[in-house]
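Computed from the coordinates by the stated procedures, all read-outs in this text should not be read as laboratory data. None of these values were measured; they are calculated from a predicted model. Ideal geometry is used to build each Cβ from the backbone, glycine not excepted, and the neighbour counts take in all protein chains shown.
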Amino acid sequence: MDSNQIADERATFHAELRSAVRKLCERFPDEYWRELDKSGGYPTDFLQAMTAAGYLGALIPTEYGGSGLGITEASIILEEVNRSGGNAGTGHAQMYIMGTLLRHGSQEQKERYLPAIASGALRLQAFGVTEPDAGSDTTRIRTQAVRKGDDYVVNSQKIWTSRVEHSDLMLLLVRTSTPDKSEKQSAGLSILLVDLREAVGNGVTIKPIETMMNHHTAEVFFEDLVVPAQNLIGEEGKGFRYLLDGLNAERILIAAECVGDAHWLIERSVAYANKRVVFGRPIGSNQGVQFPIAQAYAHLRAADLMRFEAARLFDANQPCGGEANMAKMLAADASWEAANVAIQTHGGFGFAREYDIERKFRETRLYQVAPISTNLILSYIGQHMLKMPRSY
Ligand SMILES: Cc1cc2nc3c(=O)[nH]c(=O)nc-3n(C[C@H](O)[C@H](O)[C@H](O)COP(=O)(O)OP(=O)(O)OC[C@H]3O[C@@H](n4cnc5c(N)ncnc54)[C@H](O)[C@@H]3O)c2cc1C
């Protein structure tokens, strides 16, 4: 097969994948997500359907029971969920958190957990990194894991640990030693796999945080939590590097979700602008209404190119830190712009729950802050790509 044929086959596969995910999402229409948003409910049945279709196991190699796809395909799956009006953030982490285990876990850990994650028998979709005092400065975390015989004993607190109430397992970034003066602050961090089924009530307490969108995030308190030393991922002290290794996948997938949101918001805006008649003509015939939508669309398309470039590099095992960060930032900006434009286009109805615009407006706002804030991406670009001075 020559390279043109390979490209054609790939494009056909992507189109089929998109249409299959779209079909699944049709079973979970606007009302489904609106009701969950209102009740603070979790989309268990939607995520079961996604798992059964093999979508949430997309990145797990086939030898462990997954679909063995690349980040490009995984990102298409999540994009389509948001493009249908849904919220892939409720389950996206089941796709990528296992990457830390896949890349750095022992053979025994991989065999034990990956097939069960692929089948959905085990949910690994919580990663406790952020702490109240450390904030964006991850190297300053205080959660200590002290080795005692065959176990670690963990104390302290995490905040904003999403989906922890809906996970069987979580990855936990802990400090296992204090760096000496010659070492970087990131030395001495490690990653533990915590079995929440045993830990909750036995050293782990979860306190949900109410947020402006339906996000299922929580504070997690650790009081003498015992974690078997065999649950250490990789080597002690290398946790920060393992964490960084997983971030590009997260950034690319979230960029794709933002692209999906922006498409949905623009499609709704166009439909409404064409239909709504005021002063005897569709509001979309006024340039004051049309141009902001056109501008948001152009920004969306540009962000999407960066998302696919980052995904291409990732799948080719090439460095993609800059592209993944830029894709996340540009797509987050595009979706937020599209949300703002959609509210404006819908006038008063933009604020009515039954139109779902205000729900997406709240959902898209998150990505300016989490999982990494725009300022920190800009400083990554300034410092690492443009070689300007460190600002922190
Ligand atoms: C809904 C939600 C879900 C989340 N889920 C998870 C999760 O599952 N797991 C997890 O570990 N974390 C999670 N987070 C945490 C998230 O990653 C952090 O909120 C985010 O990284 C910002 O950290 P912070 O909130 O501590 O803000 P801070 O670090 O306190 O920053 C506050 C503001 O100051 C700015 N700022 C800080 N330092 C600088 C600087 N040097 N230069 C310029 N600007 C700066 C930031 O950009 C930000 O706007 C979640 C957060 C939210 C809101």
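Measuring against 27 Å, Cα to Cα, the residue pairs Lys158/Lys328; Lys158/Lys184; Lys110/Lys148; Lys110/Lys387; Lys328/Lys387; Lys275/Lys328 contain Lys110/Lys387; Lys275/Lys328 as the ones spanning a longer distance. A quarter of the convex hull surface defined by the alpha-carbon atoms of segment 342-388 gives 4.2 nm² as the mean projection. Stretching the chain fully between Asn286 and Ala316 yields a gain of 6.3 nm (0.36 nm per residue, less the alpha carbon separation). Backbone phi angles across segment 207-222, fed through the Karplus curve with coefficients 6.51, -1.76 and 1.60 (θ = phi - 60°), yield HN-Hα couplings of 10, x, 10, 6, 10, 5, 10, 7, 10, 6, 10, 7, 8, 10, 10, 10 Hz in residue order; Gly and Pro are listed as x.
Extension gain for Ile6 to Glu198 (0.36 nm times residue separation, less C-alpha to C-alpha distance): 64.4 nm. Only Lys, Arg, Asp and Glu carry charge here, each on its Cβ (+1 for the first two, -1 for the last two); on that basis the chain has a dipole of about 880 debye about its Cα centre. Here the calculated FRET efficiency for Leu244 and Val278, from their Cβ-Cβ distance with R0 = 35 Å, stands at 0.10, rounded to the nearest 0.05.
Sorted on the mean count of surrounding Cβ atoms within 10 Å across their residues, most packed first, peptides 293-305, 34-46 read 293-305, 34-46.
With the simple spin-label model, which puts each label point 7 Å out from Cα in the Cβ direction, the Asp133 to Asp180 separation comes to 2.4 nm. Sorted on the mean count of surrounding Cβ atoms within 10 Å across their residues, most packed first, peptides 326-336, 371-381 read 326-336, 371-381. Database remark: amide H of Leu56 closer than 5 angstrom to the amide H of Thr51 (H placed geometrically; neighbours at sequence offset of 5 or more, or on other chains; Pro and chain starts carry no H).
With the simple spin-label model, which puts each label point 7 Å out from Cα in the Cβ direction, the Glu31 to Asn375 separation comes to 4.4 nm. Where in segment 9-50 does the amide nitrogen come within less than 16 Å of the point 7 Å from the Cα of Glu210, taken along Cα to Cβ? Backbone N within reach: 37-41.
Expressed in units of 2.2 N^0.38 Å, where N is the residue count, the Cα radius of gyration of the chain is 1.02.
Extension gain for Phe13-Ala271 works out to 90.0 nm (0.36 nm per residue, less the C-alpha to C-alpha distance). In the calculated pair distance distribution of segment 241-385, what percentage of Cα-Cα distances lie above 20 Å? Percent of Cα pairs beyond 20 Å in segment 241-385: 49. Here segment 3-123 is treated with +1 on each Lys and Arg Cβ and -1 on each Asp and Glu Cβ, and its dipole about the Cα centre works out to around 200 debye.
Using alpha carbons only, how many angstrom separate the centre of segment 7-54 from the centre of segment 137-195? Distance between centres, Cα-based: 34 Å.
Dividing the summed -39500 (n - 2.57) terms of all DSSP H runs of n ≥ 4 by the residue count of the chain sets its mean residue ellipticity at 222 nm at -16000 deg cm²/dmol.
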